[in-house]
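Notes follow once the structure below has been shown.
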Amino acid sequence: MSGFFAGGRYWDLNAADVAAMDQARARLAAAGVTDPGHESRLIWAHVAGDAVRFADMVAQRAARVPLSHLLGYRDFYNHRFVVTADVLDPRPDTESIVIAALEQPFAQVLDLGTGSGCILLSLLAEQPQARGLGVDISEAALAVAARNSAALGLDQRADLRLSDWFSKVTGQFDLIISNPPYIAADEMSGLQPEVRLHEPAGALTDHGDGLSCYRIIAAGAPAHLAKGGRLMVEIGPTQARAVSAMFSAAGFTDLAVINDLDGRNRGILGHWQG
Ligand SMILES: C[S@@+](CC[C@H](N)C(=O)[O-])C[C@H]1O[C@@H](n2cnc3c(N)ncnc32)[C@H](O)[C@@H]1O
């Protein structure tokens with residue numbers, strides 16, 4: 001290898017650079033990083049070939065600090081989002097929920113547990129007439145969402161508010177969407193180090209059976225949904241049956257399971273007929 005494309009340009013490598021890249025790849029592979037070549041190239045582009053910063057970031061990545069925390073961003077759906085240790089690192093799985101939500105137009109959207117704002121802001125960017133409210137219980141997460149909203153020029157249409165689920169939510173929406181914490185307490189120890197050690201626990205788990213947030217969301221959504229409105233939640237791949245039952249018991253109709261590109265169950269959609 002004498003060069004590669006990354007970060008929008010071609011990087012020509014001399015012999016010393018090639019050796020540094022080879023070492024980095026081997027170090028990341030030994031640390032259990034799944035795509036060490038790709039990540040080495042992204043880090044190289046991020047530090048613009050600065051050998052000292054490259055070695056430092058590779059060492060941090062080998063210690064399983066998430067790549068998004070080192071780069072400071074994650075590309076999600078059609079945009080780049082600032083990511084810090086205060087928010088969940090936006091996942092490709094969640095893009096399936098965004099795509100499903102965009103299958104129908106909406107004018108007012110509520111995003112419960114907005115985190116980086118990746119769902120709310122991706123939706124608003126695609127629907128120029130729509131307005132939205134994103135709530136989170138974490139003030140630090142909302143600060144990240146506000147940075148992302150401003151960077152995408154959406155702060156006139158995106159309201160961000162500190163709220164324990166619906167507690168500070170006002171108004172009616174035709175789409176309520178959420179990717180709540182759904183990892184059960186007893187599953188936390190099995191997570192990858194990047195997630196377990198570096199992402200906020202309050203974004204990952206309900207410290208219970210993984211389903212408690214859905215109970216709150218299914219029970220609270222009808223009071224804030226317009227007639228004909230949709231409730232859509234991301235789920236863990238094994239939770240479709242339990243969450244569908246909750247939606248059904250709360251009076252939602254025309255339920256559908258949303259699958260990701262691998263065919264795994266990743267979301268539940270319900271309609272509210274009032
Ligand atoms: C799985 S993360 C989702 C973040 C973002 N929406 C995404 O999809 O990347 C769950 C979010 O819910 C928030 N959250 C947890 N408990 C909450 C509560 N009681 N009320 C509001 N938000 C809450 C967390 O702070 C976190 O930002």
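Some notes on this structure:
- Angle between the chain longest axis and helix 36-46 axis [Cα atoms, degrees, rounded to 10]: 90 degrees
- The chain: relative contact order as a whole-number percent, Cα under 8 Å and 6+ apart: 14 percent
- Charge tally for S248 (other residues, Cβ to Cβ under 11 Å; Lys, Arg +1; Asp, Glu -1): 0.
- Distance between the pseudo-spin-label points of T253 and A143 (7 Å out from Cα toward the beta carbon): 4.7 nm.
- Between amide H atoms placed 1.01 Å from N, distances below 5 Å from F76 occur with F81, all of them 5 or more places distant or on a separate chain.
- The overall shape of region 74-272, judged from the alpha-carbon gyration tensor, is rounded, with an a/c ratio under 1.5.
- Acute angle (nearest 10 degrees) that the helix 92-101 long axis makes with the longest principal axis of the chain, alpha-carbon atoms: 30 degrees
- Integer Hz, Karplus 6.51/-1.76/1.60 couplings in order for region 262-274, x for Gly and Pro: 8, x, 7, 5, 10, x, 10, 10, x, 10, 10, 9, x
- Axis angle, to the nearest 10 degrees, between helix 15-30 and the longest C-alpha principal axis of the chain: 50 degrees.
- For region 111-175 versus region 17-59, the gap between their alpha-carbon centres in whole angstrom: 35 Å
- With an a/c value of 1.5 or above and a/b larger than b/c for the gyration tensor axes a ≥ b ≥ c computed over the alpha-carbon atoms, region 3-63 is described as prolate.
Read-outs throughout are calculated quantities, based only on the coordinates presented, and are distinct from any laboratory measurement. What you see is a predicted model; the values in this text were computed from it and never measured. Reconstructed Cβ throughout: ideal geometry from the backbone, glycine too, with neighbour counts over all protein chains shown.
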